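These notes concern the structure reproduced below.
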Amino acid sequence: MIIKIISGGQTGADQAALDAAIVTGTPHGGWVPEGRLTEKGPLSKKYEMEEMIGCGYSERTEKNVVESDGTMIISYGKLIGGSGYTMAMARNHNKPCLHIDLNNQGMSGAVECTIAWLRKHMIQVLNVAGPRASKNEKIYRAVFSLVEEVVNVDRCY
């Protein structure tokens with residue numbers, strides 16, 4: 001059962017996961033770069049995040065992977081940039097990692113796949129990653145919907 005959702009706080013997928021956690025009453029957090037940096041400026045204080053002094057995006061990505069039980073990366077298509085780096089960090093640290101490509105499956109299939117993966121790996125602290133808003137304008141809504149539904153279904157078990 002998911003007890004906490006974490007992310008790196010970037011626009012797009014990261015903030016969608018945090019907002020879904022807030023809406024569902026799930027504790028949230030994660031690590032952000034010094035200055036609470038996002039592509040749109042400092043991250044809102046409404047997000048209960050830890051700031052990594054002297055560190056940037058790659059360090060916070062690795063720390064979120066390490067401090068979670070597993071990472072789910074949601075995208076439309078192949079992983080690039082920070083999302084690809086997140087996958088590499090999960091592999092480097094032997095952490096479970098699930099890539100949901102929404103070009104290849106619908107929302108109900110993504111929910112079903114995610115629930116099965118959460119159970120198989122006994123994920124309690126879930127790190128959620130994916131593209132930033134400037135890379136995909138549809139990602140926020142998709143990640144919010146997926147995480148919200150996964151949390152609600154997960155609570156039923």
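The values are calculated or read from the model by the stated rules, or taken from the named source; none is laboratory data. Small disclaimer: the values here were computed from a predicted structure and weren't measured. Ideal geometry is used to build each Cβ from the backbone, glycine not excepted, and the neighbour counts take in all protein chains shown.
The numbered conditions (1) surrounded by 14 or more Cβ atoms within 10 Å (Cβ to Cβ); (2) in contact with a Phe, Trp or Tyr (Cβ under 9 Å, 6 or more places away or on another chain) are all true for T26 except (2). Against the condition touching a Pro at 6+ places or on another chain (Cβ under 8 Å), of a type outside the set (F, W, Y), surrounded by fewer than 16 Cβ atoms within 10 Å (Cβ to Cβ) and modelled with pLDDT of 95 or more, how does H121 come out, does it pass? So H121 passes the test.
Residues of the stretch 136-149 include at least one that is touching a Leu at 6+ places or on another chain (Cβ under 9 Å) and farther than 17 Å from G77 by Cα.
To keep it simple, each residue is scored yes or no on (1) of a type in the set (S, T, Y); (2) within 20 Å of V66 (Cβ to Cβ); (3) in contact with an Asp or Glu (Cβ under 7 Å, 6 or more places away or on another chain).
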{"position": "I115", "(1), (2), (3)": "no, no, yes"}
{"position": "L118", "(1), (2), (3)": "no, yes, yes"}
{"position": "V125", "(1), (2), (3)": "no, yes, yes"}
{"position": "G130", "(1), (2), (3)": "no, yes, no"}
{"position": "K135", "(1), (2), (3)": "no, no, no"}
{"position": "S145", "(1), (2), (3)": "yes, no, no"}
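When the stretch 141-157 is filtered for residues that are among the acidic types (D, E) and over 13 Å from the mean Cα position of the chain (by Cα), the ones remaining, listed by number, are E149, D154. Filtered by the rule that a residue be surrounded by fewer than 16 Cβ atoms within 10 Å (Cβ to Cβ) and not hydrophobic (A, V, I, L, M, F, W, C), the stretch 90-118 gives R91, N92, H93, N94, D101, N103, N104, Q105, G106, S108, G109, E112. For the stretch 87-119, filtering for residues that are under 20 Å from K138 (Cβ atoms) and in a helix (DSSP H, G or I) leaves 7. Would you please name the residue that is farthest from the chain's Cα centre (by Cα), looking only at residues in the stretch 20-66 that are within 10 Å of G9 (Cβ to Cβ), assigned to a loop (DSSP other than H, G, I, E, B) and in contact (Cβ under 8 Å) with a residue 40 or more places away in the chain? The residue in question is M49.
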